[in-house]
Amino acid sequence: MCKGGAGKVLKYAATLARDVPSPSARWLATWGNGDFGRLGHSLQDLSSSLPRRVTLPPCNLRQVDCGGAHTAAVSEDGRLFTWGLNDRGQLGHSGDEGHVSVPREVLGIPEDVVSVSAGHYHTLALASSGNLWAFGCNNSGQLGVGSSEGKRTARATLVKAAQDLGVRQVAAGAYHSLAVTEDGQVLGWGHSGNGRLGLGASEWWRIKLSSAEMTPRRVRPLQDHCVRAVAAGHMHSACIDDQGVMRTFGYGRFWALGRESDSDSLTPEPVPGAHGVTEMALGGMHSLSVNLHNEMKAWGANQHGELGLVRFPPVAVTSRQRSVAE
C-alpha cells in the first residue's frame, strides 16, 4: 500500500481473478480522487470510490508509488510507467502534455529500473546499476543535478553526484530528496528548510545562507548508524536503522515527528516508543510505522482522518497511538 495526495490510495496486489493470466500475476488497483488522470483509468472516470484495476501493458509489477498528483509503477522486467499531472515534467515524458490519464512507459532511462519514488512534483528512479535518475520540478535542487537554473526537466537526468556511491533506496518529498547507500549512509539534497535534510545544528550556517542543497550531501549526524530505509514527507523526514530505531527530523508542527514537542528538528532523533520498526511511511504532515509485532502506529495531523483514529480534527498525538482496524 502507498499513500498519495488528495486522498488517493493506491493498492499493489497479488491476487487471482478471471482476467489475470496466472495466480502469480501482480496487478494494480486505484481509487479516490482522480483529478489529472492520477488513477490511470481515463479522463472519463476522474474519481472512484471503489478499487478499479489499472490497464497496463503485459507485465508483473514490482513496486508502485504515489506523488502529489501523479503515480509511478515499476515492472519486474525493469520498465517504468507514469501517469497523472505533468505540469512540471514529473512524468518523465518529453512532450508538453499537462497530464496523462493512462499509464505510459518512460523511455528516457537506458537501463533497468528497480524502484521509484514519486515526490510532490518530481520523481526519482533507481536503476539496477545503482544509478539514480531524476525528472520533474527542480526549483529547490531536489533533482540533485547540481543546479536549479532549469527549474524543471521532463527528461530523465542522471544524478552524477550519486554515481559510485552504491545507492540502494530513495525517497522523494515535496521539495527534497533522500537516499540510502549500500553501507548504510544517508544522502540528502533539495530544500533544507526546517531541518528536513537532517544536516544538524552544525550546518545551520549553511541553511541560513541557502535553503537548498543542489547535489547529494552526506547526512553526518547519521554517519555512526547503519540506516536501511528513509522516507520523505512534505517537510519532514524519517529513517530506520538496522536496530529498528526510527528517527525523524524536519518540520514538527502537528507533532509529525512523534516527539513531546511540536518544534522543528535539525538533527535526526529517535521517536519515543517506536521500537523494532520494520516499515514506515510519511504523509504530508503525519507519520506511520509498523513494528516486528505487525502493530501499526500513527501520529501527526489528523484533519482528514489520516491517522485512522476516531477523532478527525488535529490532535496532539504525543504518544504513538495504535491505528489498526479491529
Enumerate the amide H contacts of Thr278 below 5 Å, restricted to partners 5 or more residues apart or on another chain; note that Pro and chain-start residues carry no placed amide H.
Val290, Asn291, Leu292
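Add +1 for every Lys or Arg and -1 for every Asp or Glu among the other residues with Cβ under 9 Å from the Cβ of Trp83, and state the total.
+2
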Which of the trypsin sites (Lys or Arg not before Pro) across segment 133-206 are loop residues per DSSP, with 14 or fewer other Cβ within 10 Å?
Lys151
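Hey, with R₀ at 30 Å, roughly what FRET efficiency would Glu182 and Asp262 work out to, going by the Cβ-Cβ distance, to 0.05?
Values: r = 35 Å, r/R0 = 1.17.
Approximately 0.30, to the nearest 0.05.
In segment 120-222, which GluC sites (Glu not before Pro) are in a loop and have at most 13 other Cβ atoms within 10 Å, using DSSP for the loop call?
Glu149, Glu182
Please give the charge dipole size of segment 171-296, origin at the Cα centre, charges +1 on K and R Cβ atoms and -1 on D and E Cβ atoms. Round to the nearest 20 debye. Mind dumping the intermediate values first?
On the way: 10 positive and 13 negative charges, 90 e Å.
Taking the Cα centre of segment 171-296 as origin, the dipole is about 440 debye.
Can you sort Trp83, Trp27, Trp255, Trp299 so the residue with the fewest Cβ neighbours within 10 Å comes first?
Ranking Trp83, Trp27, Trp255, Trp299 by Cβ neighbours within 10 Å, fewest first, gives Trp27, Trp255, Trp83, Trp299.
If a/c stays under 1.5 just call it rounded; otherwise compare a/b with b/c (prolate if a/b is bigger, oblate if not). Do that for segment 37-150, with a ≥ b ≥ c from the square roots of the Cα gyration tensor eigenvalues.
Numbers: a/c = 2.05, a/b = 1.26, b/c = 1.63.
Since a/c reaches 1.5 but b/c is at least a/b, the shape of segment 37-150 is classed as oblate.
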What's the FRET efficiency of Leu292 with Asp96 using the Cβ-Cβ distance as r and R₀ = 45 Å, to the nearest 0.05?
0.40
Residue by residue, what Karplus-based ³J(HN,Hα) values in Hz, rounded to whole numbers, does segment 243-251 have, using 6.51, -1.76 and 1.60 with θ = phi - 60° and x for Gly and Pro?
9, x, 8, 9, 10, 10, 6, x, 5
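Return Thr267, Thr153, Thr82 ranked ascending by Cβ neighbour count within 10 Å, so the fewest neighbours appear first. Mind dumping the intermediate values first?
On the way: Thr267 17, Thr153 20, Thr82 27.
Listed from fewest to most nearby Cβ atoms, that is Thr267, Thr153, Thr82.
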Report the full-extension gain for the segment Arg155 to Asp242: residue separation times 0.36 nm, less the Cα-Cα distance, to one decimal in nm.
27.8 nm
For segment 52-69, take each phi angle, set θ = phi - 60°, evaluate the Karplus expression 6.51 cos²θ - 1.76 cosθ + 1.60, and give the result in whole Hz per residue in order, putting x for glycine and proline.
10, 5, 8, 7, 10, x, x, 5, 9, 8, 9, 7, 9, 9, 10, x, x, 8
If I model a spin label at Leu107 and Ser129 as a point 7 Å from the Cα along the Cα→Cβ vector, what separation in nanometres do I get?
2.0
For segment 280-291, Karplus-derived ³J(HN,Hα) couplings (6.51, -1.76, 1.60; θ = phi - 60°; whole Hz; x for glycine and proline) come out as 8, 8, 10, x, x, 9, 9, 9, 9, 9, 10, 9
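Every number in this text was worked out from the coordinates using simple rules, so none of it is lab data. Everything quoted here is computed from the prediction, not taken from an experiment. Please note: Cβ atoms are built from the backbone with ideal geometry, for glycine as well, and neighbour counts cover all protein chains shown.
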